[in-house]
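Participant: Sending over a structure as structure tokens; questions will come in a sec.
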Amino acid sequence: MSQKLKKTFIVTRFDPDKDEVPKTQTYEIEVEPDWKILDALNHIKDTVDPTLSHRWSCRMAVCGSCGMTVNGEPKLTCKDPMSDYGDTIEVAPLANFPVVRDLVVELEGFMERFQEVKPWIMVAKERAVEEGTTQQSPDELADFKQFSMCINCMLCYAACPVVSNEPDFIGPAALALGHRYNQDSRDEGAHVRNEIFRGEGGVFSCSFANECSEVCPKSVNPSGAIQQAKLGNVIDWATSFVVKRGGDVS
Amino acid sequence: MVDVSRHDVVIVGGGGAGLRAAIAASELDPELSIALVSKVYPMRSHTVSAEGGAAAIARDDDSLEMHGYDTVKGSDFLGDQDVIQYFVEQAPKELTRLEHWGCPWSRNEDGSVSTRAFGGMSTKRTWFATDKVGFHMLHTLFQTSMKFGNIDRYDEHFVTKLLVDGDVCRGVAALDIRTGEVKAILGKAVILTTGGGGKVWPFTTNGNIKTGDGMSLAYREGVALKDMEFVQYHPTGLPGTGILITEATRGEGGYLLNNEGERFLITRDYGVGTKAELGPRDMISRAITQEIAAGRGVEIPGKLGRYAHLDLRHLGEEKIMARLPFVRELSKAYANVDPVHEPIPIRPVLHYMMGGVDTDIDAKTSIDGLYAAGETACVSLNGANRLGSNSLTECLVFGARAGEHATGYIKGASVGEEGPFVQQAEAEAARVDALRGRQRGGEKVSKVREDMNTAMEEGTGVYREQASMAKAVSEIAAIRQRFEQVSLDDSSKVFNTELIAALELANMLDVAEAVTCAAVLRKESRGAHACSDFETRNDTEYLHHSLVFHSPDGPRSEKKDVTLGIWEPEERKY
Ligand SMILES: Cc1cc2nc3c(=O)[nH]c(=O)nc-3n(C[C@H](O)[C@H](O)[C@H](O)COP(=O)(O)OP(=O)(O)OC[C@H]3O[C@@H](n4cnc5c(N)ncnc54)[C@H](O)[C@@H]3O)c2cc1C
Ligand code: SF4
Ligand code: FES
């Protein structure tokens, strides 16, 4: 077996039942060199301190549960290799979210934002199953595919300077998701979503800091989505004076 | 006093099956109040990890008959044939619905949905969205579910008990993980869609949440667990982590090689015939296990055990990036191998449970008002071996069926007296409170879990023997006793994951009991149950389902007939 390495983990702890404010706790452990940060946290929980609380499930970078701050950066901990760090590693909850406990953050606010952009196909008339599948060319698919890859890990919210200042901001992942549906050739709801995009906390709140796209572990490029949506909205807004856009959709 | 909320239908689980059930119920009757209870946010459900695809006929060279025959043969004739027939008929409709709801299925140049080859399937009938199919299906379902105003979500609520009185189920007791409070969530019907239990074994493709909770919930109320001895080992898991490398790699043309670089599925007789790498999973996992046992396994520096190689190099970078980008990402991140340039080391890994909560073709259990669908259920589609890509479709077909039948059932059901159900929830709240932070004999959750994992790996691996299975039966019984001595360190009410782990461990121990009990009784080899001391299938004595019932004095078993009538059982050779 490979040589184990000694590491010092400094982990933020907070239990609202007992603590007024968060504190840190230090764990000296031995790790396998090919571990991810999440493996070390699980090792601590299983063998050192069963009271440590964090979320995880898939450990293959697809369920989006395990986002945390590692040495100051938002990271997907099940994909974040130990070998990227030195002897001391600091793990804290994601920034810009209220903390529930230890490394677990409050997601309710995001879940509301998420629903706000109406992330479903809107059409004037539902297609019947008997009509078969819709034709969609590979190019039409490519128009939105990248924006459909979001795992809702929340790293982009933790990195975004606007999220931290503007409580109403819908935020990168949710805006990118709304844009994903706007770009889908099967959807007819863009005018409805664009209204939301133009409103309070919509795309024009984004200052194009691009931090979101830099931290995104799935190359979703939410910042790119928002810029495209801004452009679409300037056009949508302008043409709305000329032609009445879209019919009733649900 | 526990908090009581009232709904019409209560769905436990927010994965593929649960979300589909919720949408089906909601579409049938927008006036219904539907509760969707899940221990994680729905998009974290393990359906998210499915990579390869979902099966349904789509091409001119295919037919319902062919999909049905492939499935029944794959099941080693233990699938119920009426269920299989219904499944193949509904499958294309369900995948089309998902297309209408926005699932980004990969496309052919002409704009039609693309299909790929999969193990045991006689033509290309597996729909895919690159190699993140479960992810896209789950997110499509979850996002679509948000447009229905009558689905009330209870996210991060852990169901600890079904509320059953006099053979009628009228709700669940659920622990709100955030607050630590147990609530009564009442409904006229309950649908279990809690997924499988791969975490019962140590080396698995399954995520942390797959602990067989629904199986245990039903088992404790007297519902039988069916065909539990049949667990699927997927041929290609990554060293160390067990992370899955999808069968789509072989569907797209990948090879399996031994340490001599030989395509052993072609050069030696493992029963897969010309299907080679596209043989069914049970057979290929056995072939790899035999290659390794014969000394032809691949060694990897720093890793225990031996492996085979999955070689994709000849597919070329362009095809790998177009069809299998996630496989490349996973191989690089978790095995330090770029499949464009190197073969991927793999070995068989525990993946899927064919068995589960016994239901009929309508997803109904033996308790009135209680339904089950998806991996937690055993509707008997998969028999002794599931074909890859049938189970995502199963979640849709039988999730929808459960939603529809539960909705139909409640029209005739009266709510009755809710008193007894609320009292049960009160008692459950007291039980959970007593468990939290309890001090007993000093056993640790993680240690008991590890010992259960080891016992199950030794007793119920790719190959089994009577002696090792019997040993596992007694070990699991002893480990169950040790659970009673578990002490817990965390007494906080807020997001107490040690308490959750303890509840999950108790559930897994129920699953382990049922699996070992059923395994030791089946003295034949069928599908995924390969007994070294009974090497052939024995239809005279064992062409039946196995049922395991919980009882205070230990598990009790029964037999149940297999529904035949369309395809005559024959020797399973490819
Ligand atoms: C890595 C991997 C790849 C796969 N690839 C494929 C594939 O390509 N094709 C295919 O057909 N199949 C595939 N499968 C199998 C398939 O993905 C699963 O069988 C299927 O997704 C199960 O869905 P489900 O809805 O039954 O359960 P899950 O998706 O596991 O969802 C279970 C739900 O129940 C909830 N839950 C569980 N317990 C409780 C509780 N106590 N209280 C409250 N809620 C609870 C969970 O929170 C979750 O929401 C794959 C499986 C794995 C592991
Ligand atoms: S856009 Fe990227 S960083 Fe943001 S939630 Fe989605 S996957 Fe995570
Ligand atoms: S544990 Fe699922 S993304 Fe990390």
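Participant: When you scan segment A:142-153, do you find a residue that is among the basic types (Lys, Arg) and either more than 7 Å from chain B (Cβ to nearest Cβ) or open to solvent by 40 Å² or more (accessible area, probe 1.4 Å) (or both), even just one?
Facilitator: No: zero hits.
Participant: Quick one: in segment A:53-73, which of the residues that are more than 13 Å from ligand 3 (Cβ to nearest atom) and more than 8 Å from chain B (Cβ to nearest Cβ) is surrounded by the most Cβ atoms within 10 Å (Cβ to Cβ)?
Facilitator: Only one residue tops the list, namely A:Thr69.
Participant: Within segment B:169-196, how many residues are within 26 Å of the chain's Cα centre (by Cα) and over 22 Å from B:Ala400 (Cα atoms)?
Facilitator: Residues flagged as within 26 Å of the chain's Cα centre (by Cα) and over 22 Å from B:Ala400 (Cα atoms) within segment B:169-196 amount to 5.
Participant: Would you mind stating whether B:Asp489 is within 14 Å of chain A (Cβ to nearest Cβ), surrounded by fewer than 20 Cβ atoms within 10 Å (Cβ to Cβ) and either not acidic (Asp, Glu) or not in a strand (DSSP E or B) (or both)?
Facilitator: yes
Participant: Do you know which residues across segment B:146-157 are open to solvent by 30 Å² or more (accessible area, probe 1.4 Å) and at the interface with another protein chain (Cβ under 9 Å from one of its Cβ atoms)?
Facilitator: B:Lys147, B:Arg153
Participant: Which of the residues that make up segment B:98-145 are open to solvent by less than 10 Å² (accessible area, probe 1.4 Å), over 18 Å from A:Leu177 (Cβ atoms), out of contact with any Leu (no Cβ under 9 Å at 6 or more places or on another chain) and in contact (Cβ under 8 Å) with a residue 24 or more places away in the chain?
Facilitator: B:Arg116, B:Arg125, B:Thr126, B:Phe128
Participant: Going by the conditions given, is B:Val357 among the β-branched types (Val, Ile, Thr) and closer than 30 Å to B:Lys573 by Cα?
Facilitator: yes
Participant: Before we move on, is B:Thr160 open to solvent by less than 20 Å² (accessible area, probe 1.4 Å), more than 14 Å from chain A (Cβ to nearest Cβ), of a type in the set (S, T, N, Q) and assigned to a strand (DSSP E or B)?
Facilitator: yes
Participant: Would you be able to say whether some residue in segment B:208-223 is more than 20 Å from B:Val357 (Cβ to Cβ) and either assigned to a strand (DSSP E or B) or within 16 Å of ligand 3 (Cβ to nearest atom) (or both)?
Facilitator: yes
Participant: Can you go through A:Cys206, A:Cys156 and tell me which one is of a type in the set (A, V, I, L, M, F, W, C) and away from ligand 3 (no atom under 16 Å from the Cβ)?
Facilitator: A:Cys206
Participant: Could you pull out the residue among B:Gly273, B:Gly302, B:Gly237 that is open to solvent by 10 Å² or more (accessible area, probe 1.4 Å) and touching a residue at least 60 places away in the same chain (Cβ under 8 Å)?
Facilitator: The unique qualifying residue is B:Gly273.
Participant: Out of (1) within 16 Å of ligand 2 (Cβ to nearest atom); (2) at pLDDT below 95, what's the single condition that is false for A:Glu166?
Facilitator: The one condition A:Glu166 does not meet is (1).
Participant: Another one. If we keep just the residues of segment A:1-24 that are open to solvent by less than 70 Å² (accessible area, probe 1.4 Å) and of a type in the set (S, T, N, Q), which is nearest to the other protein chains (Cβ to nearest Cβ)?
Facilitator: Among them, the one singled out is A:Ser2.
Participant: I need the full set of residues from segment B:42-71 which are surrounded by fewer than 22 Cβ atoms within 10 Å (Cβ to Cβ) and either within 16 Å of ligand 3 (Cβ to nearest atom) or not in a loop (DSSP other than H, G, I, E, B) (or both), in order please.
Facilitator: Residues satisfying the conditions are B:Leu64, B:Glu65, B:Met66, B:Gly68, B:Tyr69.
Participant: Could you check segment B:456-486 and list, in sequence order, the residues that are open to solvent by less than 20 Å² (accessible area, probe 1.4 Å) and either closer than 26 Å to B:Glu291 by Cβ or not in a helix (DSSP H, G or I) (or both)?
Facilitator: Those that are open to solvent by less than 20 Å² (accessible area, probe 1.4 Å) and either closer than 26 Å to B:Glu291 by Cβ or not in a helix (DSSP H, G or I) (or both): B:Met456, B:Gly459, B:Thr460, B:Gly461, B:Arg464, B:Met469, B:Ala472, B:Val486.
Participant: A further question on this structure: Would a scan of segment B:108-116 turn up a residue that is touching a helix residue (DSSP H, G or I) at 6+ places or on another chain (Cβ under 6 Å) and under 30 Å from B:Lys573 (Cβ atoms)?
Facilitator: Within segment B:108-116, one or more residues are touching a helix residue (DSSP H, G or I) at 6+ places or on another chain (Cβ under 6 Å) and under 30 Å from B:Lys573 (Cβ atoms).
Participant: Say we look at segment A:105-135 and pick out the residues that are within 18 Å of A:Ala176 (Cα to Cα) and at the interface with chain B (Cβ under 7 Å from one of its Cβ atoms); which of these is nearest to the chain's Cα centre (by Cα)?
Facilitator: Filtering first and then ranking leaves A:Leu107.
Participant: Please go through segment A:101-118 and pick out each residue that is open to solvent by 10 Å² or more (accessible area, probe 1.4 Å) and of a type in the set (Lys, Arg).
Facilitator: A:Arg113, A:Lys118
Participant: Just for segment A:82-92: of the residues that are closer than 16 Å to A:Gly72 by Cα and open to solvent by 20 Å² or more (accessible area, probe 1.4 Å), which one is nearest to the other protein chains (Cβ to nearest Cβ)?
Facilitator: Within segment A:82-92, the match that is nearest to the other protein chains (Cβ to nearest Cβ) is A:Asp84.
Participant: Out of everything in segment B:41-56 that is aliphatic (A, V, I, L, M) and within 16 Å of ligand 2 (Cβ to nearest atom), what residue ends up being nearest to the chain's Cα centre (by Cα)?
Facilitator: B:Val48
Participant: Run B:Ala22 past the list (1) in a helix (DSSP H, G or I); (2) surrounded by fewer than 19 Cβ atoms within 10 Å (Cβ to Cβ) and report the number of the one that doesn't hold.
Facilitator: Going through the list (1) in a helix (DSSP H, G or I); (2) surrounded by fewer than 19 Cβ atoms within 10 Å (Cβ to Cβ), B:Ala22 breaks only (2).
The values are calculated or read from the model by the stated rules, or taken from the named source; none is laboratory data. Bear in mind the structure is a predicted one, so any value in this text is a computation, not a measurement. Glycine also receives a Cβ, built like all others from the backbone with ideal geometry; neighbour counts cover every protein chain displayed. Each accessible area value is taken on the protein alone, full model and side chains, heavy atoms only, with ligands, DNA and RNA left out. Shrake-Rupley method; radii C 1.70, N 1.55, O 1.52, S 1.80 Å.
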